[in-house]
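Worksheet for the structure shown next.
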Amino acid sequence: MRSPKIRTIVILAAILLLGTISTLAMAIRSPYDAYQITWPEIGALPHEEAIVLFADQEGQLLKQARVTQHQKGGIYYVPWELLIDPLMPKNTSSIYLVHNHPSGNPTLSQPDIELGSFWTYEALQKGIQFDLLAITANNGYTSLVETGRLLSKEELTQSNSGYLSYVVRPGIKILGSGFAKIFADSAK
């Protein structure tokens, strides 16, 4: 007969496996579905992190990417898949950028709205739907699409939002933080 410790470990492993299988099997057809999938990973973190979900027309998850780690002020994200075609999972029809707001306030900030609006227009040029979500520890979320806060192309132009703001600068920050980490790791 197995010991109680081994039995407990087997039960916990089965629960984790079933949870993983059910998450993978869950269809992503709405911002709520994207929120449900990402909340367990980042919803209650004390710092901002983001997850990007790529889904096909049936809502099947094609790719999931964790795009930031322990950022204090905002998220650095460039969806290279939208810019470099071979990186895009085949049959992608929707992309959800989900990030947490550790403050507990699910309201989208002006930078969230500008970032989400910019990438929405870039995605639409490829026939792909894009949405940006903010989630909180108390199980709340806000979707750019559902709230109708999408800026017009003219408003984006007036706010000087463009490739410099959402591709070049974040790309440099991402590279810079990567190099800083490499140098810090090699100094240890």
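The values are calculated or read from the model by the stated rules, or taken from the named source; none is laboratory data. Quick caveat, the model's predicted, so the values are computed rather than measured. Don't worry about glycine lacking a Cβ; one is built from the backbone with ideal geometry, like all the others, and counts go over all protein chains shown.
Taken over region 90-106, residues that are part of a strand (DSSP E or B) and within 20 Å of Glu58 (Cα to Cα) amount to 5. Here Lys5 fulfils each of the conditions (1) at pLDDT 85 or above; (2) charged (D, E, K, R); (3) in a helix (DSSP H, G or I) apart from (1). Among the residues making up region 107-148, those that are without any contact (Cβ under 8 Å) to a residue 60 or more places away in the chain, part of a loop (DSSP other than H, G, I, E, B) and farther than 22 Å from Phe54 by Cα are Thr107, Ser109, Asn138.
Annotation: Ser186 fulfils all but one of (1) within 18 Å of Glu48 (Cα to Cα); (2) modelled with pLDDT under 85; (3) assigned to a helix (DSSP H, G or I); the unmet one is (1).
Leu82 passes every criterion in (1) out of contact with any Ser or Thr (no Cβ under 8 Å at 6 or more places or on another chain); (2) modelled with pLDDT of 90 or more; (3) surrounded by fewer than 20 Cβ atoms within 10 Å (Cβ to Cβ); (4) not in a loop (DSSP other than H, G, I, E, B) apart from (2).
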